[in-house]
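Any read-out appearing in this document is the output of simple, stated calculations on the displayed coordinates, not a laboratory observation. It should be emphasised that the depicted structure is a prediction, and the values quoted were computed from it without experimental measurement. Virtual Cβ from ideal backbone geometry, glycine too; neighbours counted across all protein chains shown.
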Amino acid sequence: MIIDGNLLFDSAAAITSSANSTNTIDLANFRDLGVDGGEYAVPKLMVLVNTAFTTGGGATLQVNFQGSTDNSTWTTYASSPVYAAAALTAGARLFDIDMPRPPAGVAIPRYVRLSYTVGTSTFSAGAVTSALVMQRQDTPVSTAGYQSGYPSGFTVSN
C-alpha cells in the first residue's frame, strides 16, 4: 500500500482525548482520486493503530469521517463502532471503509477530515496513522505479527 502524504490525516498521532485529525484534506487541490486501470477506483479510508491504547478508566474510541464545504462547519458522513481499549492493539485496523458519500441533502465537500471521539475517560497512550488510499493492504495479519493470506498452521512448500 502506498500512502500519499497529501492524503494523510495523521501520522502516528497520539490520541488521548477527543480531537480532530492533524491534517484536513482539501479536495480542490489535484489528487489522484480518479479512474484506475479502466475500472472506477474508490478511495478507501485506512486507520491503523501504531501504538497500543492504554487507559485506567475504561476509555473508548470512535472514529468519524467528516466533510465540509467551508472548512468551518463539519458534517459527519460515517462513524466507526465504539472501540474499547482492549481492541486498540498495535497493528489493529479500524474503520476500513470506502470513502463515504455525503448524506442526502448535504453538499459535496471541499474538505474532509477525521474526528476522534474518546468517551468515558481518557487514554494514557495510543497513536494512529490514518489516510485516504487508493488500495489498502487487506491481507490478514497472522498471530506471529506478519501479513499472511494463509490460515495459522498452513504450510506452503515448493
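Of note:
- Using a simple spin-label model with pseudo-atoms 7 Å out from Cα toward Cβ, Val82 and Thr120 lie 0.8 nm apart.
- One quarter of the convex hull surface built on the alpha carbon atoms of region 58-103 amounts to 4.2 nm², the projected area averaged over directions.
- Test item: Cα-centred dipole of region 5-133, Lys/Arg +1 and Asp/Glu -1 on Cβ, debye: 220 debye
- The residues neighbouring Ala19, those whose beta-carbon lies less than 15 Å from its own, together hold a net charge of 0 under the Lys/Arg +1, Asp/Glu -1 convention.
- Across region 74-109, the residues whose backbone nitrogen lies under 18 Å from the label position 7 Å along the beta-carbon direction of Ala28 are 74-75, 107-109.
- Positive-end residue, region 5-133 charge dipole about Cα centroid, Cβ charges, pick of Ser121, Ala52, Gly91: Ser121
- Stretch gain in nm, segment Ile3-Ala52, where the contour uses 0.36 nm per residue and the Cα spacing is subtracted: 15.5 nm
- Calculated on the alpha-carbon coordinates, the convex hull of region 5-133 measures out at 111 cubic angstrom per residue.
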